[in-house]
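What follows is a structure written as structure tokens; I'll ask about it next.
The values are calculated or read from the model by the stated rules, or taken from the named source; none is laboratory data. Since this is a predicted model, take the numbers as computed values, not measurements. With ideal geometry, Cβ positions are generated from the backbone for all residues, glycine too; neighbour counts draw on all protein chains shown.
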């Protein structure tokens, strides 16, 4: 049984349909990537998984249990964490407080403040500063650390490389490898196809709200990916 | 020397005004809602005190043990059942709903208790005083209220900056959607914030009722006092609220000393002056209301 | 597929029919002094004053997005301006009703300079504070009668029947004028700008709309209307008392009328004023219950029917008597 299993998921923003019946799954311990162009519905998909968009109960199953449409805070409590697009650091909280609030549900597990600081030493140096006083890359590390503090069984990452310099993205992905190397089940959305291919066990490609491709990086050719990505 | 006395009374009055203001700014700071019925809820609490005292014969101070929990529950219920429905609809609906509540409360109190002036009697303590010098005295009761006001502010500071709940308040005020991603039940969090604000309103109402006479129609005047206190002190600063209360209190007592009819007018004029000179208040950070 | 020629339309069938019906109604009302009683005229003066106040509040809040809880300031200022202009300066009392509006605008300018430093809920309470200041200043001025108020003397010389007729016709002119003023304003570019600002101030700014000036303009027009209405009210009542003239209950009534009738439409305040007066008649014997019911109805409407009674009707039937929206009608469609 998959840890996360999504079946025929649709999503609407008022009259606009963003997702047209997406079905995918993530097994425990896997690292799964979702690639696709802007507006393909990738972020919408993650939002639906955590309950920020309405869904029928059976459309999303976590650990076999239907969670579609349940309140977000309940879903988080079950062990899913989302590192949102754009970081979304809390300006009124310090760096350390931003990390602490990630542990708001008090789920037990291996991640703690000390361990996050070990992974991202720069955060310890700046722990008393306001969360948004950090650079873009540091904020991304903070956002990831905040997500880890929830000790999630499934970690969702939305566009962690967006707006960051290549060197910074490199550091973040190195940290991510350490995180996934630990066995954290991860589902991540990424615009940078190369990065995605380098980290994931399997990937899905979205195109205008629909699944256009699925497979293992080694099994897919450049041409296949490009075709699925652009929908030609 | 009479003037020094007036200033001292004004400073102590600031404690009561700070109590008025803290509830208002708490709700505004977290939810960006100005509760136009704020003053009327203060008076409601005072009349609750009247009812409790009338039914049980206990001292109004003990009556707080009933009034404050009732107000806590009332605040939670009003947020969950009513305000939550209009919070995300823009600026107008919450203002209009709370204005409707203001009118309902005033007239309901009028129906239940009549327009007569009331007072919560506690006996000698309201007139007892400590003589500082030959001519300056500090009333025990105003001192107690001032201390309660300071304790309320200290309590809120601790709550906001040293507890997980306070973190949740600040995060939800910043970004309710991302707060949900932290596992925070934002609906419950808002309701707890309003409950706490109403608890403080409960304190304020009873302490007001002990200090002075009150009637169903003086609610709006208390809203204006709370509002002016917050603006003078500056939004976003709890200690600023205390200072704002003190300044307004002194303005009222000095103005009232010149002529009883000028009491409120002096307060309004000081408020307008601060607004002209320093719109963000004396301790405020400039807050953009979106 | 490219459009050929197109036309911008406003009028709807309903609005054309409504215009005819309105003209008939207006003729009947103008003739009221000849077929109706004194109390009919008094009631209608009250109705038209309330309608004027409601249209102004609606202009501010429903179109301008400014919730003012201090419009009672202009009712009081208008009433006292009438007294000063007619009694102290000896001007024609009926002309003074309109001049009082100008006095209100003159005072609205410094008021705006203060309250526009606030937004949203703070703006609301700020306007209330300023209204209180005006009240306290006037209640403390013995020249204007102080706390006991004063009576208008300038109409003493006019026989009662004539006074009532003239007051009534002025009220009719004011009421119709208020509706017409709001209607014309909203049809203008200013009006389009206001509607855009109501929907999104930021987007409007990016299009070059001067948000501040548009809101200020709406505020000044509302002050004018409020001042004229206030003067009219006290022309009718003859005796002015500061606590009543500056009472926040005026604004409460405006708010309830607009919310229950339908905020953001011109028809709404008309419907709301009707409901207000019907409720007042029905609940006349119940004192404070009247206001409790009004408050509760307003809350219920705001939560469950935010577009008010007119909104419910208009949505169901697609009616629009005062067409302020523009429609693009394509005359021809040409295929490439």
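Considering each residue of segment C:296-321, count those that are in a helix (DSSP H, G or I), without any contact (Cβ under 8 Å) to a residue 40 or more places away in the chain and within 14 Å of chain B (Cβ to nearest Cβ), and give that number.
Total meeting the criteria: 5.
Residue B:187 fails exactly one of the following numbered conditions: (1) farther than 21 Å from residue B:87 by Cα; (2) within 11 Å of another protein chain (Cβ to nearest Cβ). What is the number of that condition?
(1)
Could you say whether any residue in segment A:52-66 is buried (at least 24 other Cβ atoms within 10 Å of the Cβ), at the interface with chain B (Cβ under 9 Å from one of its Cβ atoms) and either in contact with a strand residue (DSSP E or B) (Cβ under 6 Å, 6 or more places away or on another chain) or under 30 Å from residue A:231 (Cβ atoms) (or both)?
Checked against the condition, which is being buried (at least 24 other Cβ atoms within 10 Å of the Cβ), at the interface with chain B (Cβ under 9 Å from one of its Cβ atoms) and either in contact with a strand residue (DSSP E or B) (Cβ under 6 Å, 6 or more places away or on another chain) or under 30 Å from residue A:231 (Cβ atoms) (or both), segment A:52-66 yields no hits at all.
A quick yes/no check of all residues on (1) more than 19 Å from the chain's Cα centre (by Cα); (2) within 10 Å of chain C (Cβ to nearest Cβ); (3) surrounded by 17 or more Cβ atoms within 10 Å (Cβ to Cβ):
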{"site": "B:222", "(1), (2), (3)": "no, no, yes"}
{"site": "B:239", "(1), (2), (3)": "no, no, no"}
{"site": "B:245", "(1), (2), (3)": "no, no, yes"}
{"site": "B:259", "(1), (2), (3)": "yes, yes, no"}
{"site": "B:276", "(1), (2), (3)": "yes, yes, no"}
{"site": "B:279", "(1), (2), (3)": "yes, yes, no"}
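Next question, about the same structure. Restricting to segment B:107-123, name every residue that is outside any loop (DSSP other than H, G, I, E, B), more than 8 Å from every other protein chain (Cβ to nearest Cβ) and either touching a helix residue (DSSP H, G or I) at 6+ places or on another chain (Cβ under 9 Å) or surrounded by 15 or more Cβ atoms within 10 Å (Cβ to Cβ) (or both).
B:109, B:112, B:113, B:118, listed by residue number.
Of the numbered conditions (1) modelled with pLDDT of 95 or more; (2) within 10 Å of another protein chain (Cβ to nearest Cβ); (3) farther than 24 Å from residue A:179 by Cα, residue A:92 fails exactly one; give the number of that condition.
Unmet condition: (1).
Follow-up question, since we're still on this one. Only one of (1) away from every other protein chain (no Cβ under 14 Å); (2) under 22 Å from residue A:106 (Cβ atoms); (3) buried (at least 21 other Cβ atoms within 10 Å of the Cβ) fails for residue B:167. Which number is that?
Of the numbered conditions (1) away from every other protein chain (no Cβ under 14 Å); (2) under 22 Å from residue A:106 (Cβ atoms); (3) buried (at least 21 other Cβ atoms within 10 Å of the Cβ), the odd one out for residue B:167 is (1).
Then there's this: Between B:57, B:49, which is at positive phi and more than 14 Å from chain C (Cβ to nearest Cβ)?
Matching residue, one of B:57, B:49: B:57.
Okay, next question. Sort out which residues of segment A:67-83 are assigned to a strand (DSSP E or B) and away from chain B (no Cβ under 11 Å), and write them in order of number.
None - no residue of segment A:67-83 is assigned to a strand (DSSP E or B) and away from chain B (no Cβ under 11 Å), so the list stays empty.
Can you confirm whether residue B:283 is more than 14 Å from chain A (Cβ to nearest Cβ), modelled with pLDDT of 95 or more and under 20 Å from the mean Cα position of the chain (by Cα)?
no
Can you pull out the residues in segment C:246-279 that are away from chain B (no Cβ under 14 Å), in contact with a helix residue (DSSP H, G or I) (Cβ under 7 Å, 6 or more places away or on another chain) and under 15 Å from residue C:49 (Cβ atoms)?
Within segment C:246-279, C:269, C:270, C:273, C:277 meet the criteria.
Can you tell which of A:146, A:202, A:195 is crowded, with 17+ Cβ neighbours inside 10 Å, in contact (Cβ under 8 Å) with a residue 40 or more places away in the chain and farther than 21 Å from residue A:96 by Cα?
Of A:146, A:202, A:195, the one residue that is crowded, with 17+ Cβ neighbours inside 10 Å, in contact (Cβ under 8 Å) with a residue 40 or more places away in the chain and farther than 21 Å from residue A:96 by Cα is A:202.
Another question about this same structure. Starting from residues that are more than 24 Å from residue A:29 (Cα to Cα) and either surrounded by fewer than 22 Cβ atoms within 10 Å (Cβ to Cβ) or without any contact (Cβ under 8 Å) to a residue 24 or more places away in the chain (or both), keep the ones in segment A:67-91 and report whichever is nearest to the chain's Cα centre (by Cα).
My answer is A:86.
Look at segment B:180-190 and say how many of its residues are farther than 12 Å from residue B:165 by Cα and within 26 Å of the chain's Cα centre (by Cα).
1
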